Each structure stands twice: as C-alpha cells, then as structure tokens.
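Asker: Just passing along the structure, written as structure tokens.
The values are calculated or read from the model by the stated rules, or taken from the named source; none is laboratory data. What you see is a predicted model; the values in this text were computed from it and never measured. For neighbour counting, all protein chains shown are included, and Cβ atoms are generated from backbone atoms with ideal geometry for every residue, glycine included.
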Amino acid sequence: MLRGGIPIGRLFGISLRLNYSWFIVFGLVTWSLTTQQFPLNFPEWSLAMSLVAGIVTSLLFFGSLLAHELMHSVVAQSVGIKVNSITLFIFGGVAQMSEEPHQPKDELRIALAGPLTSVALGIIFWAVYLLVEGHSEFVLAISYWLSLINIFLAVFNLIPGFPLDGGRVLRAILWWRSNNLRRATKIATNIGRAVGYLFIFGGLYFIFEGLWLNGLWLALIG
Ligand SMILES: [Zn+2]
C-alpha cells in the first residue's frame, strides 16, 4: 500500500513522499474544518474564509506530521541508521529505516524524538494563539486547532502499543532490562496487539454512538 507515492522533495538525504491515500485524509480534514469546526466557533465567517483557513490548517497539520517523522529520522541517522524515505499516508507518517536500532538507548532516543517534536509544536502554536488573541481571528483559529492536534498526536503516539512510539519506548525499556531484543519485541508486540483490539472495540463503540468517522478511523488503526 505504501509503495505508491508522489515524491515531494528531499531533506537530510531522505526522500519525502505522499501516498495516494493521503489525498483522501487531506480532503476529509479540510472539509470537516471548513464546514464544522470553523463555522461553529466563528459563525460570522464567510464560506471562503473558512475554506482558506481549512486548507492552511490542513497543510500545517501535515507539515507538523512531517516534522514529527523527520525528527525520528534525523535522530536515527545520528545513531547510524540510514533512513530511505518518509511517506505520509491516511493514518499519518511512516519512516522507512534500513535496520533496527543497535542498542536500547538508540531506540529510546529515536522513539521519543517524534512525540517531543509534537509537544514543541503544540507549545509554539499555543504561543502564537496567545500572541494574536484580540488581533487576528483567522490566525487565532488556525493556531488553536494546531496546538491541540499536536498535543493530541504526542499523547496518542505515546500509548504503549507497539509499533506506536510509546510501544517502542516500552520495548527499549524491556530490552535494556532483559538484554534480550527478541523477548522484548515479543512482549511489546503482545501488548501492542491488546491495544489494537482496544482501538477496534473503542472504534466500534464510537460508530455505535454515531461518531462514525472517528470510530472508523480508530477501528482501522487498531
Ligand atoms: Zn512517531
């Protein structure tokens, strides 16, 4: 599924790609911001204004995802692991690394780099939000949403379900304590599987409650 993708550039020797499924989620995010999020909070905005804000927010959101993956990759390269490409697709971003980390502390560093980037972005967008308060509703709306979504991304990725970042942190700790990568991977994968089932049931529950889009997304991730 991730073989196909449009190259959009190169950074730090890593090829950046957009998978075709990315366009679906880009459209959905823009649509939900334009027709629901912004009109709800700013009913006096014209449709054109909501649409421009929606597109700018979506682009910055995917820029934030890219920054998250890029920081995983830059840290990986710094400990000697080659990263061939980063692909953005329907569930976020994925970095294609040439090999597994060599030691637990490398894995820990690589895994934490992404969520820390998202937290930093959340704080930066929150600072922008505070700065423009009372000056620009347009920038205020965009920065507010981006601040929340980046903090959400950091928290979500730290759920200890391998292969999420939190699962990698868990594997690094298990690996460090047992000095046995295979055993650590097995335990982390089993916990990851349990978290996956929780996502599926949680998603089905949301669908049942009428939040079908959030529910479907969560269930499919599971
Ligand atoms: Zn990550």
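Asker: Here are some conditions: (1) in the same structural domain as Trp217 (by TED's automatic domain parsing); (2) closer than 28 Å to Thr35 by Cβ; (3) not aliphatic (A, V, I, L, M). Gly166 meets all but one. Which one does it not meet?
Answerer: (2)
Asker: Condition check: farther than 30 Å from Trp45 by Cα and touching a residue at least 60 places away in the same chain (Cβ under 8 Å). Does Glu137 satisfy that?
Answerer: On the way: farther than 30 Å from Trp45 by Cα: no; touching a residue at least 60 places away in the same chain (Cβ under 8 Å): yes.
The answer is no for Glu137.
Asker: From the list Ser136, Ser85, Ser98, Ser32, which residue is touching a Lys or Arg at 6+ places or on another chain (Cβ under 8 Å), surrounded by fewer than 20 Cβ atoms within 10 Å (Cβ to Cβ) and either outside the structural domain of Arg10 (by TED's automatic domain parsing) or farther than 29 Å from Ser178 by Cβ (or both)? Quick ask: steps written out before the conclusion?
Answerer: Working: Ser136 fails: touching a Lys or Arg at 6+ places or on another chain (Cβ under 8 Å); Ser98 fails: either outside the structural domain of Arg10 (by TED's automatic domain parsing) or farther than 29 Å from Ser178 by Cβ (or both); Ser32 fails: touching a Lys or Arg at 6+ places or on another chain (Cβ under 8 Å).
From the options Ser136, Ser85, Ser98, Ser32, the qualifying one is Ser85.
Asker: If the requirement is being more than 23 Å from Ile221 (Cα to Cα) and either within 14 Å of the ligand (Cβ to nearest atom) or at pLDDT below 90 (or both), which of these qualifies: Ala113, Ala95, Ala67, Ala76? Full working, then the answer.
Answerer: Working: Ala113 fails: more than 23 Å from Ile221 (Cα to Cα); Ala95 fails: more than 23 Å from Ile221 (Cα to Cα); Ala67 fails: more than 23 Å from Ile221 (Cα to Cα).
Step by step, each of Ala113, Ala95, Ala67, Ala76 is checked, and only Ala76 is more than 23 Å from Ile221 (Cα to Cα) and either within 14 Å of the ligand (Cβ to nearest atom) or at pLDDT below 90 (or both).
Asker: Continuing with the same structure: So is Ala141 aliphatic (A, V, I, L, M), surrounded by 21 or more Cβ atoms within 10 Å (Cβ to Cβ) and away from the ligand (no atom under 13 Å from the Cβ) or not? First the steps, then the outcome.
Answerer: Working: aliphatic (A, V, I, L, M): yes; surrounded by 21 or more Cβ atoms within 10 Å (Cβ to Cβ): yes; away from the ligand (no atom under 13 Å from the Cβ): yes.
Considered against the rule, which asks whether it is aliphatic (A, V, I, L, M), surrounded by 21 or more Cβ atoms within 10 Å (Cβ to Cβ) and away from the ligand (no atom under 13 Å from the Cβ), Ala141 comes out as yes.
Asker: Something else now. Regarding region 144-163, can at least one residue be identified that is away from the ligand (no atom under 14 Å from the Cβ), in the same structural domain as Ser64 (by TED's automatic domain parsing), more than 25 Å from Trp212 (Cβ to Cβ) and aromatic (Phe, Trp, Tyr)?
Answerer: Yes, region 144-163 contains at least one residue that is away from the ligand (no atom under 14 Å from the Cβ), in the same structural domain as Ser64 (by TED's automatic domain parsing), more than 25 Å from Trp212 (Cβ to Cβ) and aromatic (Phe, Trp, Tyr).
Asker: Would you check if Trp45 is more than 16 Å from the ligand (Cβ to nearest atom), farther than 17 Å from Asn157 by Cα, in contact with a helix residue (DSSP H, G or I) (Cβ under 9 Å, 6 or more places away or on another chain) and outside any helix (DSSP H, G or I)? Give the steps one after another, and end with the answer.
Answerer: On the way: more than 16 Å from the ligand (Cβ to nearest atom): yes; farther than 17 Å from Asn157 by Cα: yes; in contact with a helix residue (DSSP H, G or I) (Cβ under 9 Å, 6 or more places away or on another chain): yes; outside any helix (DSSP H, G or I): yes.
Yes.
Asker: Within the bounds of region 203-210, is there any residue that is in a helix (DSSP H, G or I) and within 24 Å of Leu66 (Cα to Cα)? Write out each step before concluding.
Answerer: Pass one, region 203-210, residues in a helix (DSSP H, G or I): 203-208.
Then drop every residue that is not within 24 Å of Leu66 (Cα to Cα), which leaves none.
For region 203-210, residues in a helix (DSSP H, G or I) and within 24 Å of Leu66 (Cα to Cα): absent.
Asker: Hey, another quick one. Take Trp126 and decide whether it is over 22 Å from Phe162 (Cβ atoms), at pLDDT below 95 and hydrophobic (A, V, I, L, M, F, W, C).
Answerer: Details: over 22 Å from Phe162 (Cβ atoms): yes; at pLDDT below 95: no; hydrophobic (A, V, I, L, M, F, W, C): yes.
For Trp126, the condition - over 22 Å from Phe162 (Cβ atoms), at pLDDT below 95 and hydrophobic (A, V, I, L, M, F, W, C) - is not met.
Asker: In addition: Somewhere in region 121-133, is a residue under 30 Å from Pro43 (Cα atoms), away from the ligand (no atom under 16 Å from the Cβ) and buried (at least 20 other Cβ atoms within 10 Å of the Cβ)? Give the steps one after another, and end with the answer.
Answerer: Taking region 121-133 as the starting set, the residues that turn out to be under 30 Å from Pro43 (Cα atoms) are 121-133.
Okay, now just the ones that are also away from the ligand (no atom under 16 Å from the Cβ), so 123-133.
Going one step further and asking which of them are buried (at least 20 other Cβ atoms within 10 Å of the Cβ), we end up with 125.
Looking for residues that are under 30 Å from Pro43 (Cα atoms), away from the ligand (no atom under 16 Å from the Cβ) and buried (at least 20 other Cβ atoms within 10 Å of the Cβ), one finds at least one in region 121-133, hence yes.
Asker: Please specify each residue of region 58-88 satisfying the condition of being aliphatic (A, V, I, L, M) and in a helix (DSSP H, G or I).
Answerer: Here is the first cut: in region 58-88, the residues aliphatic (A, V, I, L, M) are 59-60, 65-67, 70-71, 74-76, 79, 81, 83, 86, 88.
Correct list: Leu59, Leu60, Leu65, Leu66, Ala67, Leu70, Met71, Val74, Val75, Ala76.
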